[in-house]
Amino acid sequence: MRGGGGADRVPGPFINTLPVRVRLGGGVGEVVSGMRGQLAELLMHEHAPLAVAQRSSGVPADLPLFTSILNYQGNVSDGSTPAASPLDDIKIVYSRDLTNYPLSVAVDDRGDGMSVVVDAVAGVDAEVVAGLVCTAMENLVEALESAPDTSLAGGWGGAGCGGS
């Protein structure tokens, strides 16, 4: 995100979450391209207030705007050594992400592999959700590589993320 001048000096992450709907019509390649287009269009709204997002969503006011969140983070290194930071000497003793979302999925793309972390409310098996996400990602990549016209509406089988 373009956080503006001095944003690099503000502690903590910038998170602006906007709702999207995946349009499943067409093949896998078309769906992924459509999602990329939607995300590109949303960049102009990245600093929109929550009230504007709620009004624009079409979701009735008495229902939650978000019931889950997917955070994809690409952490591919360019191989260079990062510059020294005053924070380098700080040791993290304990860290925990807290959220108001009943389901939170974080995908960390390291370039040579991915990890998936799922945080879910009681009654939802986070390991099962993580396995489903991994299977979906692996099958999506396979379809994009070998059969981009494959419909997302069919049943896909697969192995999972190999324990990640």
Provide the gained length on full extension for the span residue 44 to residue 93, in nm with one decimal, where the gain is 0.36 nm per separating residue minus the Cα-Cα distance.
13.9 nm
Each residue of region 101-118 in turn: what ³J(HN,Hα) in whole Hz from Karplus with 6.51, -1.76, 1.60 and θ = phi - 60°, glycine and Pro shown as x?
7, x, 9, 10, 10, 10, 10, 10, 8, 8, x, 9, x, 9, 10, 10, 10, 10
Determine, for each peptide in 141-152, 38-49, the mean count of other beta carbons within 10 angstrom over its residues, then list the peptides with the highest first.
141-152, 38-49
For region 31-77, accessible area per residue (1.4 Å probe, heavy atoms of protein chains only), Å²:
74
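The values are calculated or read from the model by the stated rules, or taken from the named source; none is laboratory data. From a predicted model like this one, the values you see are computed outputs, not experimental measurements. Backbone-built Cβ (ideal geometry, glycine too); neighbour counts: all protein chains shown. We work out accessible area using only protein heavy atoms, side chains counted, and drop any ligands, DNA or RNA first. Shrake-Rupley method; radii C 1.70, N 1.55, O 1.52, S 1.80 Å.
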